[in-house]
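The values are calculated or read from the model by the stated rules, or taken from the named source; none is laboratory data. Source: prediction; values computed, not measured. Reconstructed Cβ throughout: ideal geometry from the backbone, glycine too, with neighbour counts over all protein chains shown.
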Amino acid sequence: MLTSRSEFDHRWMDRYPWALIDAEWRSELPADYELHILQPPNLGIDPDRCPVLLDLRTLCAADHARLMEEHWQQVVKREETLVSLFFPGELKIAPLARHLANRLALNWPGISVPKQFRYFDPGTFLQLPRTLGTAGMAWLLGPAVEVLVPWAGQWNLLTRPDSSGRPCRLGDAEQQALLRIGIVNRVLLQQTPPQSAMYWVERSARVDADVQRAVLIHGLTETADLVCFAQHADTVHPRFDAHPRVALLLREFSRRELNPLGSEVMPAELRELFDINLSVADWQSVAAELNAAELPCTSKVCYP
């Protein structure tokens, strides 16, 4: 369950003092801070490139106030934050650090070498309940009953679900869903900052559905093409690909035939193909015609 608040409550830092900090922020911290490095097993990552846990209770009052003020400003301004996640204080450091480090190494089905899983990025973390499901979130959070996530101008409390003992199985569907999060993030982060965490969660689900449609219906596989498709679904029309002109281009692109001009080789990227064949006015006409026709969605993967 996710609950969000826009007002910062300083008592949270007493309740959730374990701060998970990405490696890119470590240079911002004083050298004398006691940091617990989360080094994932079997990945061979340099410890300096690993995230860390910082116990806010070990800081002097001045340092604590400075760090929290910086963090508060970042959240309010919807910037990247110094602290990615906050965990409850009753958790012991050894089992918590071991669990969080282990989750950084994700075993993909059919692949012998684990992959790095940056689950702690706040915008990614808020999409994981949809992606991993109940058993997956229980597996991810482990000993942590709650986690505080700073994102979209809010502080968002996510409670670990009750999986009723069901094991977490990351099969091909879950693997593909996790891979799509990177594409979803690229689309959403090019827009204006999200209005709220719930807005981000809902928008990410819609963009994910667009990406799935691009794969299943149009055979797109390259990241740049999937991002382009999802952006047009977001900015032109949710079902822009149902318009005959766009549908024709997508069919030709999937077959890598000669483009409609008849003489040039098909562009390597979908965005270039669109730019060659459709102007701003054309896209406006596409949207207007689709709105007027109110075309139904016949795809199995539809825009909500």
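Remarks
- Filtered residues of segment 106-160 (kept if of a type in the set (A, V, I, L, M) and under 12 Å from L85 (Cα atoms)): L126, L141, A144, V147, L148, V149, L157, L158
- Failed item in (1) among the aliphatic types (A, V, I, L, M); (2) farther than 17 Å from G142 by Cβ; (3) over 20 Å from the mean Cα position of the chain (by Cα), with V75 passing the rest: (3)
- Taking first residues from segment 1-30 that are closer than 21 Å to A61 by Cα and touching a residue at least 24 places away in the same chain (Cβ under 8 Å) and partners that are assigned to a helix (DSSP H, G or I) and among the aromatic types (F, W, Y), the Cβ contacts under 9 Å between residues at least 6 apart in sequence or on separate chains come to F8/W72.
- Looking at V76, V83, V52, just one residue is within 23 Å of S4 (Cβ to Cβ), surrounded by 14 or more Cβ atoms within 10 Å (Cβ to Cβ) and among the β-branched types (V, I, T), and that residue is V83.
Per-residue answers, yes or no, for (1) in contact with a helix residue (DSSP H, G or I) (Cβ under 8 Å, 6 or more places away or on another chain); (2) outside any strand (DSSP E or B); (3) within 27 Å of D9 (Cα to Cα):
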residue: V75; (1), (2), (3): no, yes, yes
residue: L82; (1), (2), (3): yes, yes, yes
residue: F86; (1), (2), (3): yes, no, yes
residue: E90; (1), (2), (3): no, yes, yes
residue: R98; (1), (2), (3): no, yes, no
residue: N102; (1), (2), (3): no, yes, no
residue: S112; (1), (2), (3): no, yes, no
residue: G136; (1), (2), (3): yes, yes, no
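- Annotation: P194 fulfils all but one of (1) outside the structural domain of K92 (by TED's automatic domain parsing); (2) surrounded by 15 or more Cβ atoms within 10 Å (Cβ to Cβ); (3) in a helix (DSSP H, G or I); the unmet one is (3).
- So D208, is it acidic (D, E), over 11 Å from the mean Cα position of the chain (by Cα) and more than 18 Å from T81 (Cα to Cα): no
- Hey, R57 free of Cβ contacts under 8 Å to residues at least 40 places away in the same chain, among the basic types (K, R) and either farther than 22 Å from T124 by Cβ or touching a Leu at 6+ places or on another chain (Cβ under 9 Å) (or both) or not: no
- Leading residue by the ranking (surrounded by the most Cβ atoms within 10 Å (Cβ to Cβ)) among those in segment 94-121 that are out of contact with any Leu (no Cβ under 7 Å at 6 or more places or on another chain) and either in the same structural domain as R206 (by TED's automatic domain parsing) or within 23 Å of W200 (Cα to Cα) (or both): D121
- Of all residues in segment 6-42, those satisfying the criterion of being under 21 Å from T124 (Cβ atoms), of a type outside the set (F, W, Y), out of contact with any helix residue (DSSP H, G or I) (no Cβ under 6 Å at 6 or more places or on another chain) and part of a strand (DSSP E or B) are L20, I21.
- Residue within segment 168-188 that is assigned to a loop (DSSP other than H, G, I, E, B) and among the polar types (S, T, N, Q) present: no
- Count of segment 275-304 residues which are at pLDDT 85 or above and in contact with a Leu (Cβ under 7 Å, 6 or more places away or on another chain): 1
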